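The values are calculated or read from the model by the stated rules, or taken from the named source; none is laboratory data. Here the structure is a predicted model, which is why all the values come from computation and not from measurement. Positions of Cβ are backbone-derived with ideal geometry, glycine not excepted, and every protein chain shown enters the neighbour counts. We work out accessible area using only protein heavy atoms, side chains counted, and drop any ligands, DNA or RNA first. Shrake-Rupley method; radii C 1.70, N 1.55, O 1.52, S 1.80 Å.
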Amino acid sequence: MPDDSHVTAPTRFAEAGGIRYAYRRFGAQAGTPLVFLQHFRGGMDNWDPLVTDGLAANRPVILFDNAGVAGSSGQTPDTIDALGDDAAAFIAALGLPQADVLGFSIGGAVAQALTLRHPGLVRRLILVGTIPRAGETEGRDPDVPAVAGRPVPALEDFLFLFFEKSETSQLAGKQFWERRHERTVDVDPPSSPQTAQAQSAALAEWRTQRGERFGELAAITQPTLVVNGRHDIMLPTINSYILAQHIPAAQLIIYPDSGHGSLFQYPALFAAHAARFLDADVAFT
């Protein structure tokens with residue numbers, strides 16, 4: 001409905017390939033829909049309302065749980081390629097001939113696979129805090145696997161993983177945490193241990209080289225916006241430079257005093273940058 005928002009949009013379901021995908025759609029009625037692909041174990045409620053509602057002002061926004069994640073049925077696959085195929089099946093199940101895609105963290109890897117394997121479905125691509133196949137791991141904090149793998153992540157875990165240690169970044173993280181819990185009705189269930197194990201395996205496989213290193217990125221011909229914080233301790237920021245260097249039509253934005261969750265630290269600025277990129281008749285003018 002036109003008046004729905006991140007907090008009020010009802011959870012709906014679409015079926016494809018035996019999977020019942022949970023999703024929410026809100027925002028403008030006209031325009032190319034923007035499909036969001038979430039981080040490790042994350043569901044629809046893990047997005048920032050300032051980002052989703054900000055981008056929904058001028059386009060339909062679609063949040064969804066991929067196969068086996070949170071409110072969706074089935075088993076989560078253990079490869080990024082299969083996750084990309086499931087995202088394509090979901091988009092097709094909604095009857096969308098084409099969509100814009102925003103992928104964050106592991107969602108950014110899934111967005112790359114989706115674009116490479118189903119290029120006709122993707123008009124423009126936004127990759128945030130993510131990594132190419134066989135990307136760089138130097139600079140990853142050794143505590144990340146233990147903290148990210150905790151069964152129920154707490155505020156302190158998100159502050160460590162997504163934000164810098166500075167006072168300003170930590171404050172932004174606490175503000176994000178409050179916004180992230182604004183929705184209190186019709187919320188996503190937590191993702192299962194199976195999802196965590198499968199996504200961990202998918203990321204491990206994604207780190208292996210296949211053919212010429214970074215060579216497949218040349219096949220992503222869609223206009224692409226690459227975004228990160230200056231110090232990403234999960235998927236090191238150097239990977240965003242690599243993505244921007246190897247995707248032919250890519251622009252890179254690095255936000256200061258921020259880390260993996262830069263889009264949540266600068267939600268209004270990120271939404272403005274993303275909207276400008278998506279709305280322009282020619283992406284880079």
### Query
Of the residues 157, 186, which single one is assigned to a loop (DSSP other than H, G, I, E, B) and at pLDDT 95 or above?
186
### Task
Please find, within region 226-251, the residue that is nearest to the chain's Cα centre (by Cα) out of those that are outside any loop (DSSP other than H, G, I, E, B) and farther than 14 Å from residue 132 by Cα.
229
### Query
Which of the residues spanning region 254-285 are of a type in the set (Phe, Trp, Tyr), open to solvent by 10 Å² or more (accessible area, probe 1.4 Å) and modelled with pLDDT of 95 or more?
266
### Task
From the list 92, 113, 146, 109, pick out the single residue that is farther than 26 Å from residue 224 by Cβ and assigned to a helix (DSSP H, G or I).
146
### Query
Can you tell me which of 170, 251 is surrounded by 13 or more Cβ atoms within 10 Å (Cβ to Cβ), free of Cβ contacts under 8 Å to residues at least 60 places away in the same chain and under 21 Å from residue 274 (Cα atoms)?
251
### Query
Scanning region 205-219 for residues that are touching a residue at least 12 places away in the same chain (Cβ under 8 Å) and charged (D, E, K, R), which turns out nearest to residue 247 (Cα to Cα)?
216
### Message
For region 163-180, give me the residue count where each residue is under 18 Å from the mean Cα position of the chain (by Cα), assigned to a helix (DSSP H, G or I) and within 13 Å of residue 257 (Cβ to Cβ).
### Response
1
